[in-house]
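**Q** This structure is in structure tokens; I'll ask about it shortly.
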Amino acid sequence: MKKFIMMLGLVTFVVTIALTTSACSASTGHSVHGVAGIVTRNTGEWKTLSKKKQKEISKPIPKKYRGTWYTWNVFKNRKERVQIKARSLEYAYRTKKGKYVALDRYQGNKLAAWTTKYGHLSVNYILKTKSGGKYKFFAENFTLNRTKQGVRVTLPTYWVDTINHNKKITVRKKMRKPLMGHNKMSKSFFDRKTFVSPYFEKEDIYYTMKFNKHMTQMLFDSQTIWSNSGANTNIDTDALSAGGDSSLYSKIKYISFKGNKITMIVDPPASMVNGYYRIQLERLSKKYFVVKKTPKIKEYYDGHRVYRTSSLFGVRFAASAFYKK
């Protein structure tokens, strides 16, 4: 009898654990970016669709959009593609090893597409359906517009600063890597603009950088997206970061312009280190610049050690329309 009661208790415990795990999994929702982990599809908006609209979203994507289309993301320095089939859309990027990783995917009965009043195609993800013609849509969606060059894709709002930065991109049958010109660095290039870096998934962080009109001060900040405990930053960016305080500008002690490069010696705003930082920026195009690697040498300025921002080497920044005043 005791053995029976013990076995019954064990079975009850296992079933309870299984149900709890199942409930937790269900509440998590479907991940938009399975690899990047940026957004989770667990919220949405209920919309009542007419029978005509319900019939439209059940139809396949028009043939003029279908196929595999490519583009070059200057912001993240990588090749990207959009694969569109009759009942699926996948946005992916190419890794350095040549493998494509999906950032977003709509397919099967989770895909809903309809023509907008502008003649574009809106591709959406359906969370749930219920009686009465009600559908629950996730806020993130793609808008497609067929042009002579290819397909113009309007990216979801969340992607503007974290994935691509551009609101609209044109993808083509043959990928075109944009030519990098020899644009000269100038004060007007930085004037009244805020530059933003790509979003780094592992550290849950991206950076913003802007300058005052006369290039005597620089505001550098670390931005987190999902983490409540703060970003996982390195010591050099910690020293430069204003910590969200827009009044904590770094003083630029020295600056020189040469061709498409600018070299600065910056005094950190929070005085976390007893010294300065040398930062060199190279302009890549009308909107982009990259933080260049500077050699490791013992350098002093005004009697204090000059350090390098090694964690920023190779990081690209783009002028952000969102932050522009």
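The values are calculated or read from the model by the stated rules, or taken from the named source; none is laboratory data. All of these numbers come straight from a predicted model, not from anything done at the bench. Note that we place each Cβ from the backbone using ideal geometry, even for glycine, and neighbour counts take in every protein chain shown. Ligands, DNA and RNA are stripped out before the accessible areas are found, and what is left, the full protein with its side chains, is counted by its heavy atoms. Shrake-Rupley method; radii C 1.70, N 1.55, O 1.52, S 1.80 Å.
**Q** So which strands (runs of 3 or more DSSP E) stay within the range 45-117 end to end and still have 1 or more residues that are outside the structural domain of residue 287 (by the TED database) and surrounded by 17 or more Cβ atoms within 10 Å (Cβ to Cβ)?
**A** Details: elements: 45-48, 67-73, 78-85, 88-94, 100-107, 111-115.
So the answer is 67-73, 78-85, 88-94, 100-107, 111-115.
**Q** For the range 139-166, give me each residue that is assigned to a loop (DSSP other than H, G, I, E, B), open to solvent by 50 Å² or more (accessible area, probe 1.4 Å), without any contact (Cβ under 8 Å) to a residue 60 or more places away in the chain and in contact with a strand residue (DSSP E or B) (Cβ under 8 Å, 6 or more places away or on another chain).
**A** First, pick out the residues of the range 139-166 that are assigned to a loop (DSSP other than H, G, I, E, B): 147-150, 155-158, 163-166.
Right, trim to open to solvent by 50 Å² or more (accessible area, probe 1.4 Å) and you get 148-149, 157-158.
Applying the additional criterion that residues be without any contact (Cβ under 8 Å) to a residue 60 or more places away in the chain yields 148-149, 157.
Once the filter is applied, which keeps residues that are assigned to a loop (DSSP other than H, G, I, E, B), open to solvent by 50 Å² or more (accessible area, probe 1.4 Å), without any contact (Cβ under 8 Å) to a residue 60 or more places away in the chain and in contact with a strand residue (DSSP E or B) (Cβ under 8 Å, 6 or more places away or on another chain), the range 139-166 yields 149, 157.
**Q** Answer with yes or no whether residue 293 is of a type outside the set (Ser, Thr, Tyr) and either over 17 Å from residue 320 (Cα atoms) or outside any loop (DSSP other than H, G, I, E, B) (or both). Give the derivation first.
**A** Details: of a type outside the set (Ser, Thr, Tyr): yes; either over 17 Å from residue 320 (Cα atoms) or outside any loop (DSSP other than H, G, I, E, B) (or both): yes.
When the stated conditions are applied, residue 293 passes them.
**Q** Quick one: count up the residues across the range 179-215 that are free of Cβ contacts under 8 Å to residues at least 24 places away in the same chain, in a loop (DSSP other than H, G, I, E, B) and under 23 Å from residue 269 (Cβ atoms).
**A** Count: 1.
For (1) closer than 20 Å to residue 316 by Cα; (2) at pLDDT below 90, each residue gets a yes or a no:
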{"site": "101", "(1), (2)": "no, no"}
{"site": "112", "(1), (2)": "no, no"}
{"site": "153", "(1), (2)": "no, no"}
{"site": "158", "(1), (2)": "yes, yes"}
{"site": "195", "(1), (2)": "yes, no"}
{"site": "198", "(1), (2)": "yes, yes"}
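**Q** From (1) open to solvent by 50 Å² or more (accessible area, probe 1.4 Å); (2) farther than 15 Å from residue 82 by Cβ; (3) in a loop (DSSP other than H, G, I, E, B), pick out the condition that doesn't hold for residue 176.
**A** Failing condition for residue 176: (2).
**Q** What's the number of the only condition in (1) under 15 Å from the mean Cα position of the chain (by Cα); (2) of a type in the set (Ser, Thr, Tyr); (3) farther than 29 Å from residue 205 by Cα that residue 131 fails to meet?
**A** (1)
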